[in-house]
Every structure is written in C-alpha cells, then in structure tokens.
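Everything on this sheet refers to the single structure shown next.
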Amino acid sequence: MFGGRRVRVARPGDVRVVAPSLCREEVNGFVLPEFPAPEIVTDFLLNNGFDAIAYANEWHDLRALDVSSATLHFVRHGWREGRRPIFAHGVAEILRLLRSEWNEPWMQHVGRLAVGTAVWNAQRDCYREDMVLDLVALLAGDPHHIPGLMIGDSHVAFLTHVAPMMAAGILPAPILCNGASARGLGNPDSSANYGGLILQRLDELGSMLLHRPVLFKFGQVDIEFVFDMKRIRHGQKAYDPAAARAFIEQTVQRYAAFLDICRSRCRARIMVVSAFPPTLGDAVVQSGYVNAHIAFMNGEADPAAFRRDLASLDYPDLLERTALARYFNALLGESCKRLAMPFIEEFDALLGPDGTAHPSIANPEDHHIQLDCPLSRNRSLAVGRQIRCLAEL
C-alpha cells in the first residue's frame with residue numbers, strides 16, 4: 001500500500017473476477033454478504049456520491065472506463081474483489097452512515113471498503129499539512145471499533161490492513177514513515193526527520209489519543225538494510241556476527257529512548273510491535289538487493305553503484321538473518337518491559353517448518369511479508385484482537 005513499499009492489497013493484477021451469480025464467497029479471508037440486484041446497488045452508489053472516475057483511475061486496468069462502465073464494474077465485480085470505492089463523503093461521514101443508515105450487511109461491506117480508501121489515502125504523504133485532519137477523522141472512531149494510531153515504516157501495512165483489523169474491532173489510523181530506521185527516530189539531524197514529525201503529530205492529536213492504542217512498528221529497515229550500509233561506508237566486506245549484534249543492541253537502545261520521549265508527550269496506550277522474519281532469499285541478498293527509497297533516505301544517491309557495493313559484501317544466510325531479527329525482538333521486548341509498554345511479538349507465528357519465514361508469506365524478491373495470503377490475514381486479525389484486548393485493560 002507506498003513509496004518503497006509495494007502494498008499487496010487488491011492490486012489490479014492480483015484480483016479475481018467472480019461471476020455475479022456466486023455469493024457467500026470469501027475475500028480477504030472474510031465471508032461476503034449477499035448483494036441485492038445490480039440496479040439497487042447502482043442506485044445506492046449514485047445516491048451516496050460514488051466517484052466512478054476516481055474509482056476507475058485508481059486501477060490501471062479500469063482507466064479506460066467511463067462513468068457508467070466504472071459504476072457497473074464496481075457493482076458486478078469490484079466489491080467482490082476488494083477494490084476500494086471512492087465516495088464524495090469524507091471518512092467521518094462514512095463512519096456516521098455505517099452507524100446509522102448503511103445498516104444492511106451489503107452496505108456495511110461497501111462502507112468498510114470505503115473506510116479502506118480513507119486509510120489508504122491517509123498514508124499517501126505523512127508530511128501533508130492536512131494529514132492530521134485525516135487522522136482526526138479516523139480517530140473519531142465509531143461504537144464498534146477502537147481507533148488505533150499505527151506508526152511505522154512500510155511494514156506497518158500489516159497493521160493497517162483494513163479488513164482483518166476492522167474484523168478485530170480496530171480502526172487503523174496510519175502514520176507511514178516510509179524507509180525510516182528505528183535508530184534514526186531520535187536523531188535531530190536526520191534528513192527525513194521522521195522522529196520530529198511523529199512528535200509533532202502526537203502533539204497535534206493531543207487529547208484524542210487519551211487511553212487509545214498507539215502502535216510503533218520499526219526496526220526492519222535497520223536489521224535488513226542500515227547495518228549493511230554502515231559496512232559499506234566503513235569498508236567492512238566480511239560479515240561479523242558480533243558487529244551485527246552490537247549494531248542491534250545500539251539500535252534498540254536508541255529506539256527505546258525515542259519511545260520513552262513519545263510516552264512523555266502523550267497519554268496514549270503506547271504498544272510496540274516486533275520485527276518480522278526476513279523474507280529476502282539468499283541469492284537476492286547476495287546479488288545486491290536495493291530498495292531505492294531506503295537508499296535515498298540514507299544518502300545513497302546512485303542506486304546502481306550502491307547495488308554493486310552491496311553485491312561485494314559477504315552476507316549471512318537466511319537462518320542467521322532470521323536469528324538476528326529474533327535477537328532484535330528479544331532486546332526490544334526487554335526494553336518495552338522496562339518502559340512498561342506492551343510488546344506484541346509477531347514472529348514465531350510467521351515461521352515455516354524450516355525456521356524461516358513461511359513460504360506463503362515470503363516473496364524471496366521482496367523484503368515485505370505478503371499481505372494477500374490466508375496466513376497474513378489471519379495473523380493481522382489475531383494481532384488486531386490482541387491490540388483490542390490490551391486497549392480495553
């Protein structure tokens with residue numbers, strides 16, 4: 001779902017067109033309601049300000065459709081495929097309609113898809129001056145969902161996956177810090193200044209965060225990218241396990257210090273989510289995997305040269321890289337215990353029989369877990385339920 005993150009929620013190439021005669025099938029792991037006749041759905045969309053052109057422009061395979069065809073596409077296929085509808089209503093109005101007028105199961109389904117649009121749009125640019133308005137609308141919540149502020153690098157998409165989170169009773173409000181490192185959040189000289197931005201947003205949201213869950217999801221960038229960047233800068237081509245662990249220890253120390261500052265700035269229920277198991281295959285890592293956005297954020301202006309530098313390094317295998325992520329989580333969990341912050345460990349449940357990332361969530365050429373598979377959806381749902389339980393304590 002952003003910059004360096006290729007979010008895998010209902011991408012046009014991934015969706016399947018289901019015959020309109022079928023019903024009660026599952027999308028995103030949840031049973032769909034039965035929909036009425038197409039003309040009833042069409043009237044509902046048009047009466048509620050469905051923006052057919054914006055909907056068509058959202059998906060590259062629909063951009064040639066006119067208003068009538070785009071509306072018909074959503075009526076016949078889009079809602080089944082999990083494609084996000086776009087309404088003239090803001091998220092606050094959509095949430096109000098979900099509480100009051102949109103009371104049929106099929107209307108609720110369309111409404112949840114529309115909320116997904118709002119969550120998606122809120123993640124577009126965390127520097128936007130009006131972004132806080134999107135967050136305020138989402139944090140207003142509704143009687144059936146606890147709003148939660150989800151702050152993290154691109155891996156935070158796991159926490160902003162709307163369907164499983166809403167099924168768990170959580171309404172995610174995202175602050176996406178694309179390419180951010182955990183260790184750099186407290187650095188006032190950081191070029192991205194994500195730490196300063198987060199503190200600004202916490203101040204702006206103020207009492208809206210009172211006793212509400214605020215989740216932090218950082219660290220993946222550090223253990224999978226930043227350490228190797230430092231090796232390049234210091235000419236350390238040989239992999240040194242002790243140096244890797246020392247880097248992780250320093251990273252957790254800096255991250256925990258920033259979390260402590262955040263705790264002093266707001267009265268929210270701050271929670272911290274672990275790093276995930278790494279997914280990149282050994283061959284991909286050894287060939288010099290480059291995430292262009294992360295490289296740019298860390299001062300690497302020439303991706304091709306950077307790739308050559310990465311390819312010259314000696315790397316640990318996937319099992320050792322998984323062990324490093326586990327070490328990071330162990331230290332982070334200890335730090336959270338000292339800070340009296342709930343720590344949500346989402347690691348072992350994502351492993352396969354060989355002790356590395358489960359094959360169903362791992363694309364060896366992508367450093368993100370894949371969100372469009374049953375295991376990821378079920379784990380997002382489980383974490384959402386855990387967040388709700390912690391928020392209600």
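Tabulated data for the structure shown
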item	result
Candidate set: the range 177-197, residues that are hydrophobic (A, V, I, L, M, F, W, C) and surrounded by fewer than 24 Cβ atoms within 10 Å (Cβ to Cβ); chosen: the one farthest from ARG379 (Cα to Cα)	ALA192
Cross-chain or 6+ apart pairs with Cβ under 9 Å, the range 338-354 first and at negative phi, then of a type in the set (Phe, Trp, Tyr)	MET341/PHE216; GLU346/PHE158; GLU346/PHE276; PHE347/PHE276; LEU350/PHE276
Subset of the range 155-166 that is among the β-branched types (Val, Ile, Thr) and in contact with a helix residue (DSSP H, G or I) (Cβ under 8 Å, 6 or more places away or on another chain) - its residue that is modelled with the lowest pLDDT	VAL162
Criterion (crowded, with 21+ Cβ neighbours inside 10 Å, assigned by TED's automatic domain parsing to the domain that holds ILE198 and touching a Cys at 6+ places or on another chain (Cβ under 6 Å)) met by exactly one of VAL272, VAL221, VAL252	VAL272
Residue check for ARG233: assigned by TED's automatic domain parsing to the domain that holds ALA140 and either hydroxyl-bearing (Ser, Thr, Tyr) or touching a strand residue (DSSP E or B) at 6+ places or on another chain (Cβ under 8 Å) (or both)	no
Some residue of the range 179-187 being outside any loop (DSSP other than H, G, I, E, B) and modelled with pLDDT of 85 or more	no
Residue check, GLY355 surrounded by fewer than 20 Cβ atoms within 10 Å (Cβ to Cβ) and in contact with a Leu (Cβ under 9 Å, 6 or more places away or on another chain)	yes
Selected residue (criterion: farthest from ASP189 (Cα to Cα)) from residues of the range 285-307 that are modelled with pLDDT of 65 or more and not in a loop (DSSP other than H, G, I, E, B)	GLN286
Residue satisfying condition, being among the aliphatic types (A, V, I, L, M), touching a strand residue (DSSP E or B) at 6+ places or on another chain (Cβ under 9 Å) and either part of a helix (DSSP H, G or I) or modelled with pLDDT of 95 or more (or both), within set LEU259, LEU324, LEU319, LEU310	LEU259
All positions within the range 198-221 that are hydrophobic (A, V, I, L, M, F, W, C) and either part of a loop (DSSP other than H, G, I, E, B) or under 18 Å from the mean Cα position of the chain (by Cα) (or both)	ILE198, LEU210, VAL214, LEU215, PHE216, PHE218, VAL221
The listed residue being modelled with pLDDT of 95 or more, over 26 Å from LEU280 (Cα atoms) and not hydrophobic (A, V, I, L, M, F, W, C), out of GLY152, GLY169, GLY148	GLY148
LYS230 vs. criteria over 17 Å from LEU339 (Cβ atoms) and not in a helix (DSSP H, G or I)	no
Residue within the range 74-86 that is β-branched (Val, Ile, Thr), over 19 Å from MET165 (Cα atoms) and either at pLDDT below 85 or in the same structural domain as ASN47 (by TED's automatic domain parsing) (or both) present	yes
Options ALA242, ALA238, ALA246; residue that is assigned to a loop (DSSP other than H, G, I, E, B) and either of a type in the set (A, V, I, L, M, F, W, C) or modelled with pLDDT of 95 or more (or both)	ALA238
Single residue of the range 61-99 satisfying the filter (among the charged types (D, E, K, R) and under 17 Å from ASN48 (Cα atoms)) that is surrounded by the most Cβ atoms within 10 Å (Cβ to Cβ)	ARG84
Matching option when the condition is of a type in the set (Phe, Trp, Tyr) and under 22 Å from ALA167 (Cβ atoms), among TRP106, TRP59	TRP106
Residues of the range 270-279 satisfying the condition of being out of contact with any Pro (no Cβ under 6 Å at 6 or more places or on another chain) and of a type outside the set (S, T, N, Q)	ILE270, VAL272, VAL273, ALA275, PHE276, PRO277, PRO278
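Conditions (1) surrounded by 21 or more Cβ atoms within 10 Å (Cβ to Cβ); (2) assigned to a helix (DSSP H, G or I); (3) not basic (Lys, Arg), marked per residue:
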site	(1), (2), (3)
GLU101	no, no, yes
GLN108	no, yes, yes
GLY116	yes, yes, yes
ARG124	no, no, no
LEU133	no, yes, yes
GLY148	yes, no, yes
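The values are calculated or read from the model by the stated rules, or taken from the named source; none is laboratory data. Here the structure is a predicted model, which means the values were calculated and not measured. Backbone-built Cβ (ideal geometry, glycine too); neighbour counts: all protein chains shown.
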